[in-house]
Structures are given as C-alpha cells and as structure tokens.
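**Student:** Got a structure for you, written out below as structure tokens; questions coming shortly.
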Amino acid sequence: MCSSDLFVRRAARLRELAPGHELEAFLRMVAALVDAQQDALGGLPPGVLPGPAQLAKAKKAGRAPVDPAQWPRDPSWRAALARLLASVDEAALPEPARQARDALAKARSDDLEAIADRFLSGEILPAEAARSVFVAAALQVVWTRMAALIDKGDLLGDRPETGECPACGSPALAGLVSPGGTKFGHRHLHCSLCATSWRYVRSRCVHCGSTDKISYRQLAGTTFLRAECCEACHGYSKEFFLEAARPLEPLADDLASLGLDLLVGERSEEHTSELQPLAYL
Ligand code: FE
Ligand code: FE
C-alpha cells in the first residue's frame, strides 16, 4: 500500500535524478508538479469511499473496489485540481503547461469532468494533452488517498493473471524487485493511478499474463533496470532492482529511464503511464 509521504519521496527522487540528466528540465517540471500534488493531498476535502454493500458487490463481480470506470468519483478531485493549479511552481513550467494551467483554472466543472473521463478511459484528445497532465495529477492525488483508506481485505486478492491494480484496476507503472524468496527475488508492481503496490509473479507479462516467450533487455552499463518483453502481445514493462544504495521510486525512475523505452521500441500502447501526456509539453 502507499504511504502518505509518496509524493514527497517522488519529488525528492526526481530532484536527485535531474542534475546533468538529458531530461533535466522535464524532470524538474515533474518534480514541481509532484510538490503541488503533495500540497493538494494535504488540503483535500473528505471524499466518498465505497461502503460495505458496494465493496461486496465489486468483489462478487471480480472488480477492483475503486475502479474509476465503475466507482463514481466525487467532486473532491476538482478541489485537488484547484489547489494543485494554484500552488504549482510557475517557474518550472514551460509555456504550453502554463497556458494549460490558466485554461483549467477558468474551465467549467463539466468541462473538467469531461477531460477526466477521457483521461481515465485512455481517450485523451491531442489538443487537451497538456491539460490532461494536471487533471491526471489531481486524479492521482484523490485515488492515492482512496486506495490508502481501503482495507486490504477488500482488494482483489487473487489476481495473478495480468498486472491490473487490485485496488483500482489501472495498469501498473513499473515493477520493483527486492531480494527474498528464491534467488530471483520478489516483484511488486506499482499502480499508475492510486500508487498501490502488490506482489506479482516474477516472470509474467503484466499486459496479457503470458509466461511464455518472455525475454529481457537492458541498457549497456545498467544493472538495476531491465525491460521484460513479451512476444505474445509485444508489450513490455520495466523492472527495477532494489539495492541498498539506491532509493528507487517507480514513477521517477520510469521517467528518468526513457532510454530503455527507446531501446525496446516506441512505447507500446500497453505500456501506459498516467503521466504519458507529459510528452506533449
Ligand atoms: Fe490502483
Ligand atoms: Fe504479453
């Protein structure tokens, strides 16, 4: 499960990775956005969580309890967005992001809801990609809090086939491999929306669940990171190997390792990241 210092750790890791990085300005911009997420989390009004009847219904149907396609979001996410827009460090934003921020600050509620709907269903319009970055960031704040409040027993427990989050059903961002168990260690996937982490089979495609024809690729000179590639669906996902000296953070390290994405090929559609629209800034 996530902890309340998620955004603090994420911003710190982004700033640690930024100096001298070829994407330094980009990483610093994301760090500023993550700072604003932390601020929004602190000022979030009470939200609505599924009650026992809704949790039981979701479980019976084999659905994640706060799947955004099923669980109606409450307006608290718009409060998170307003706070995030007001507090983000303007100096870290490139001009298109500044314009997007200003447009969102003036937008009507139903327009914001429509952008959120499209983001959550993966149908972002090219013209609203920059605005989607802020909307996605606000939704992350709300879903991160919701997931942290859900009892572990209400998560979808037996879901080993694919890498969908047991709390919200969103795709995994990346896996972290820690020592333990067999010599291969344990892999935990991390949700791109709600930051839940969960144990997943060590060698299994997170997109289609295939355990056949899995291969690995890595960048020359890197030992802590590799891509698990699936021949069945041609998807891939990243695995980071935890080492004592390296404070890995799934989203920060994913963004800072775009070189591996280039090596493996264009980011496949299956490899979705909640901050993918950042590419448009
Ligand atoms: Fe999730
Ligand atoms: Fe696959």
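The values are calculated or read from the model by the stated rules, or taken from the named source; none is laboratory data. As the structure is a computational prediction, the values presented were derived from the model and not from experiment. Cβ sites come from the backbone with ideal geometry, for glycine too, and all protein chains shown count toward neighbours. Areas reflect the complete protein model, heavy atoms only, side chains present, ligands, DNA and RNA absent. Shrake-Rupley method; radii C 1.70, N 1.55, O 1.52, S 1.80 Å.
**Student:** I'd like to verify something in the chain: which complete DSSP H helices, judged by Cα projection on the helix axis, reach 24 Å or more and average at least 1.0 on the Kyte-Doolittle scale? Don't jump to the answer; show the numbers that get you there.
**Tutor:** On the way: long enough: 24-42 (27 Å, 0.58); 129-149 (30 Å, 1.28).
Answer set is 129-149.
**Student:** Could you pull the accessible area for VAL8 with a 1.4 Å probe, rounded to 10 Å²?
**Tutor:** Surface open to solvent at VAL8 totals about 80 Å².
**Student:** Mind checking the dipole of the range 49-134: about its Cα centre, +1 per Lys or Arg Cβ, -1 per Asp or Glu Cβ, Debye to the nearest 20? Mind dumping the intermediate values first?
**Tutor:** Values: 13 positive and 12 negative charges, 97 e Å.
With only Lys, Arg, Asp and Glu charged at Cβ, the dipole is about 460 debye.
**Student:** Ok, one more. With the crude spin-label approximation of a point 7 Å out along Cα→Cβ, what separation in nm comes out for LEU219 versus ASP5?
**Tutor:** That separation, rounded to one decimal, is 2.7 nm.
**Student:** So, in Å, what gap is there between the alpha-carbon centers of the range 73-93 and the range 24-59?
**Tutor:** The two parts, judged by their Cα centres, are 11 Å apart.
**Student:** Moving on to the next point. Solvent-accessible area of GLU249, probe 1.4 Å, all protein chains present, reported in Å² to the nearest ten, please.
**Tutor:** Ignoring ligands and nucleic acids, GLU249 comes out at about 0 Å².
**Student:** Please go through the range 1-47 and write out the GluC sites (Glu not before Pro) that DSSP classes as loop and that have at most 11 other C-beta atoms within 10 Å.
**Tutor:** Values: sites: GLU16, GLU22, GLU24; in loops: GLU22.
Filter output for the range 1-47: GLU22.
**Student:** If you don't mind, another one. Straight distance only, please: which aspartates and glutamates reach the Cα of LYS60 with their own Cα at less than 20 Å, same-chain residues fewer than 8 apart left out?
**Tutor:** Within the straight-line limit of under 20 Å, LYS60 reaches these aspartates and glutamates: ASP151, ASP154, ASP158, GLU161, GLU164.
**Student:** A further question follows. Can you spot the lysines whose alpha carbon is less than 22 Å from LYS57's alpha carbon? Ignore those fewer than 8 places along the same chain.
**Tutor:** Cα-Cα hits under 22 Å: LYS152.
**Student:** Springs between alpha-carbon atoms under 10 Å, Gaussian network over the chain: tell me which of SER192, SER203, SER132 tops the mean-square fluctuations.
**Tutor:** SER203
**Student:** Continuing with the same structure: Nearest 20 debye, what's the magnitude of the dipole of the chain about its Cα centre given +1 on Lys and Arg Cβ and -1 on Asp and Glu Cβ?
**Tutor:** Values: 32 positive and 36 negative charges, 146 e Å.
The calculated dipole for the chain is roughly 700 debye.
**Student:** Separate question: Whenever you get a sec, line up ASP212, ASP35 from highest to lowest accessible area (probe 1.4 Å, protein heavy atoms). Mind showing how you got there, number by number?
**Tutor:** Working: ASP212 100, ASP35 65 Å².
If we order ASP212, ASP35 from most to least accessible, we get ASP212, ASP35.
**Student:** Which lysines have a Cα less than 22 Å from the Cα of LYS183, not counting those fewer than 8 places away in the same chain?
**Tutor:** Straight-line reach from LYS183, under 22 Å: LYS213, LYS238.
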